[in-house]
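Step one of this worksheet: look at the structure below.
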Amino acid sequence: MNIFLEHVSKEFVNSFVVMQVDCAGWHRSRKLHIPENIRLLFQPPYSPEVNPVEHLWRELREKHFSNRTFPSLDALQDQLCTALQEMSEDTAAITSLTYFPHIRLACTTAV
């Protein structure tokens, strides 16, 4: 998790990142180093419906993987990369799927 947070911090060095996480042990570890430009927002236990990434996964499944089979793992990975690239270019869609009121509040109080 430290490696991931460090990577995100460097990738978005000019941004303040609010990252919603579940209560997994590695998200709450005392050894976890949270960079200055990242704030972790803990979601309540057993509440995947308020986890933005769950909405992104549903969108990916419905639009890019519904009723499909793939001849190989490489083909599936290629489709996933294509889908993620398309999704990353549609910031309005990502915002509509993930910018929940509790995240907006966290963003305005974090700065």
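Since every read-out is calculated from the coordinates, none of them should be taken as a lab result. Bear in mind the structure is a predicted one, so any value in this text is a computation, not a measurement. Neighbour counts are summed over all protein chains in view; Cβ atoms, including those assigned to glycine, are modelled from backbone coordinates with ideal geometry.
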Counting as exposed only trypsin sites (Lys or Arg not before Pro) in DSSP loop states with no more than 14 other Cβ atoms inside 10 Å, the longest exposed-site-free span of the chain is 69-111
The range 1-42, dipole about Cα centre (Lys/Arg Cβ +1, Asp/Glu Cβ -1), debye to the nearest 20: 180 debye
Net charge near Pro48: determine it from the other residues with C-beta under 12 Å of the C-beta of Pro48, scoring Lys and Arg +1 and Asp and Glu -1. -2
Would you work out which of Leu56, Ile34, Ser9 lies farthest towards the positive end of the dipole of the chain? Charges go on Cβ: Lys and Arg +1, Asp and Glu -1. Ile34
Three-way shape label, the chain, alpha-carbon gyration tensor, a/c 1.5: prolate
I need to check one value: relative contact order of the range 6-54, counting alpha carbon pairs closer than 8 Å and at least 6 residues apart, in percent. 42 percent
For Asn67 paired with Ala24, estimate the spin-label separation in nm (one decimal), with each label point 7 Å from Cα along the Cα-to-Cβ line. 3.3 nm
Label point at Thr98 placed 7 Å out along Cα→Cβ; residues across the range 15-48 whose backbone nitrogen lies under 18 Å: 15-23, 35, 37-44, 48
Could you work out the helix-only [θ] at 222 nm for the chain, with each DSSP H run of four or more residues adding -39,500 (n - 2.57) and the total divided by the number of residues, to the nearest 500 deg cm²/dmol? -15000 deg cm²/dmol
HN-Hα J in Hz across the range 73-78 - Karplus 6.51, -1.76, 1.60, θ = phi - 60°, x for Gly and Pro: 5, 4, 5, 5, 5, 4
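Summing Lys, Arg as +1 and Asp, Glu as -1, what charge do residues with Cβ under 15 Å from the Cβ of Glu86 carry, Glu86 excluded?
It works out to a net charge of -3.
Using Cα-Cα distances under 8 Å and only pairs 6 or more residues apart, what relative contact order does the chain have, in percent?
26 percent
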So what are the ³J(HN,Hα) numbers for the range 44-54, from phi and the Karplus equation (6.51, -1.76, 1.60; θ = phi - 60°), rounded to whole Hz, Gly and Pro as x? x, x, 6, 9, x, 5, 9, 8, x, 5, 4
For Val18, list long-range residues whose amide hydrogen, built 1.01 Å from N in the peptide plane, is under 5 Å from its own amide hydrogen. Arg39
